[in-house]
Amino acid sequence: MKFSSFLSAPLVLSTPVLGGGGGSGNHEFEDPDDDYQQGSSTKPNFVFIMTDDQDLHLSSLDYQAAVQTHLVKRGTLFKKHFCTVSLCCPSRVSLLTGKAAHNTNVTNVALVSGGGGAGGGAGDDAIVQSNVLSISDKRERAGGYPKFIAEGLNDAYLPVWLQAAGYNTYYTGKLMNSHSTATYNKPFPRGWNRSDFLLDPGTYRYFDAIMSLDNAAPRSTRHHYSTDVIADRALEFLGDAIDAGRQRRPRRPFFLAITPIGPHANVDKGGAFEAPIPARRHSHLFPDVKVPRSPNFNPDTAGNVSYLKHLPRLSDSQITYGDAFYRARLQALQSVDELVARVVAELERHPDVLANTYIIYTSDNGYHIGQHRLPPGKTCNIDEDVNVPLVVRGPGVPAGREVAFPTSHTDIVPTLFVLAGLPLHEDFDGAPFPVTAADNDAAAGGGRARQHRGRLGPNTYKTLRVVGEAYEFMYAVWCTNEHQLYDMRRDPHQLHNLYGRKHTLHGWHIAALSARLDTLLLTLKDCSGQRCRRPWQAIFPQGQVRTLRDAMDDKYDDFFQSQQKVAFQRCTLGYLPEFEGGTAGPLAYYGPDTAVPEQQPIDRS
């Protein structure tokens, strides 16, 4: 299983990222926990729209006119938003809890042994981590709705907390994998005033889906198109929410989640995966569109690691299939686009409600088609799989703005808490991200940390992303103990692995840089709470280092070289710390003028 961690400066979305200073000096950012104050007495409403497997790097947003008109042009696009796990269920649970997958222990899509990820922290650099996990008879770490229940998360996730704060809450669409006709009432999902959930085995049927309305017995949608059914229900719930809010003084705020399956693959009654099925009215669109031919599309040279380096080049027929699959995804997204238009139109009928409502649009994970010679899929640590759409529109959110500081899914719940004026939980692995213009500007150099997952070949890894004003690095350790180091500013398509090279990056020797990144990864791979949000503080408790640039001082060379290294004893399919090495964590640095030894084990509590 794979996970990604992101470190961010104090005001960033869901991933802990270290936002770094570039140029002549470092930018200091205030603590997000201190920056955000209690909200006004009028709590905002939230409309949360999440697609399934939607890409950012394949330009699918460009084909959604309503999303562009009503959200991108009227809100802010977060270009460096990362999912915590590039797999549906772990990603969704992390998003709903504000916790990394290794802390929710929901690390797969079903009840098989498997495992979860790692996190990041705050400072002046942005750090992102990704990991893949393993299966073992000794320790079951898997996923799906039954695992969500078994871990006690049905009592500790977003709708439960929002209801306790006075919100009405609604949900329509896919909740998570293995939420099925056999498990939907064992027990029912808590925290929802009203709901209409898609259920397995019909979740991924674009026609003849299976749903449960308000905990009633499962029903078939028969020949109705799934996204249209969800759109109709979303409008019904939105009307209920607006009416219910006006019946109380002060008005009762609402949270409405809308989660269609588009553009996920269709899964037929026999369980076979096939291209997404668009609504019939959209099946003729985009006849000549092809997957963008980026430099990493079916490259001549396989410049990667593990099973990826052995993949053959795609054949002409495979490329043709990928292009057709891509067109089907774009066609399936058109009904999602219509859903967005209908929701916004309904809100516009109530200007006072719209003025107090945040609309959030994202995807559970990303997707690749042909990049690095891969067939259609996800779960890898490439940007196509982990860097996902995030658009926010609402009060104080600048219109038509794009921001490039890192954020992640694990930051979304803390951000909603701040916007709702609720105190943050100490055990959140994520941190709030800025949504207003002033906060955007303050965080422009920062970021945070999170995790993501995958399932092909020996596909267990830990990955870290560090973002500063003048640099951005991706560092990974695979279960084969192969390493990756990419300079994402110069090599955004991840084609040239620099690990082990003798030259320098930004004036830093690669060996010294790798030692710093490995210690950060060691700190984040099983972190929780504050250590996820502030990994540099965990390593340097006295505050000598806040950024990668600080850490690159030559005087710390021996300290970083003496650290344990992230390493795997074997490849497995889940999160098993005993096979990852470094379970005691890195040492902490204390200056020579203190009365304690210079190196002490990090407090992991």
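The values are calculated or read from the model by the stated rules, or taken from the named source; none is laboratory data. Bear in mind the structure is a predicted one, so any value in this text is a computation, not a measurement. Here the Cβ is made from the backbone with ideal geometry for all residues, glycine too, and neighbour counts use every protein chain on show.
What's the total number of residues in the stretch 312-346 that are more than 17 Å from Arg233 (Cβ to Cβ) and either part of a helix (DSSP H, G or I) or not charged (D, E, K, R) (or both)? Break it down into steps so the answer makes sense when it comes.
In the first step, residues of the stretch 312-346 are kept if they are more than 17 Å from Arg233 (Cβ to Cβ); the result is 312-334, 337.
Those left that are additionally either part of a helix (DSSP H, G or I) or not charged (D, E, K, R) (or both): 312, 314-334, 337.
Qualifying residue count, the stretch 312-346: 23.
Considering only the stretch 378-395, how many residues are out of contact with any Leu (no Cβ under 6 Å at 6 or more places or on another chain) and on the phi > 0 side of the Ramachandran plot? Even if it seems obvious, please write down each step before you answer.
Just the residues of the stretch 378-395 that are out of contact with any Leu (no Cβ under 6 Å at 6 or more places or on another chain), to begin with: 378, 380-386, 390, 392, 394-395.
Right, trim to on the phi > 0 side of the Ramachandran plot and you get 394.
Summing the residues that are out of contact with any Leu (no Cβ under 6 Å at 6 or more places or on another chain) and on the phi > 0 side of the Ramachandran plot in the stretch 378-395 gives 1.
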From the list Arg251, Arg219, which one is at pLDDT 95 or above and among the basic types (Lys, Arg)? Arg219
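Tell me, yes or no, whether the stretch 363-370 has at least one residue that is in contact (Cβ under 8 Å) with a residue 60 or more places away in the chain, out of contact with any helix residue (DSSP H, G or I) (no Cβ under 6 Å at 6 or more places or on another chain) and of a type in the set (Gly, Ala, Ser).
Yes, the conditions are met somewhere in the stretch 363-370.
Can you report the number of residues in the stretch 409-437 which are among the aliphatic types (A, V, I, L, M) and closer than 21 Å to Thr104 by Cα? Outline the logic, then answer.
First pass over the stretch 409-437, keeping only residues among the aliphatic types (A, V, I, L, M): 412-413, 416, 418-420, 422, 424, 431, 435, 437.
Now drop any that are not closer than 21 Å to Thr104 by Cα, which leaves 412-413, 416, 424, 431.
Matching residues across the stretch 409-437 total 5.
Given the options Ala470, Ala476, name the one that is among the small types (Gly, Ala, Ser), within 18 Å of Ile382 (Cβ to Cβ) and either surrounded by fewer than 18 Cβ atoms within 10 Å (Cβ to Cβ) or out of contact with any helix residue (DSSP H, G or I) (no Cβ under 6 Å at 6 or more places or on another chain) (or both). I'd like the intermediate steps shown before the answer.
Working: Ala470 fails: within 18 Å of Ile382 (Cβ to Cβ).
Result of the check over Ala470, Ala476: Ala476.
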Show the residue pairs meeting these rules: Cβ distance below 8 Å; 6+ apart or different chains; first residue within the stretch 417-438 and of a type in the set (Asp, Glu); second residue surrounded by fewer than 24 Cβ atoms within 10 Å (Cβ to Cβ). Glu426/Gly529; Glu426/Gln530; Asp427/Ser528; Asp427/Gly529; Asp429/Ser528; Asp429/Gly529
Residue count for the stretch 182-220, restricted to those that are surrounded by fewer than 19 Cβ atoms within 10 Å (Cβ to Cβ), part of a loop (DSSP other than H, G, I, E, B) and aliphatic (A, V, I, L, M): 3
Which pairs have Cβ atoms under 7 Å, sit 6 or more apart or on different chains, and link a residue in the stretch 54-72 that is over 15 Å from His368 (Cα atoms) to one that is of a type in the set (Asp, Glu) and surrounded by fewer than 24 Cβ atoms within 10 Å (Cβ to Cβ)? Gln64/Asp337; Ala65/Asp337; Ala66/Asp337; Ala66/Glu338; Val67/Asp337
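Have a look at Thr379, Thr362 and point out the one that is modelled with pLDDT of 95 or more and buried (at least 18 other Cβ atoms within 10 Å of the Cβ).
On the way: Thr379 fails: modelled with pLDDT of 95 or more.
Just a single option satisfies the conditions, and that option is Thr362.
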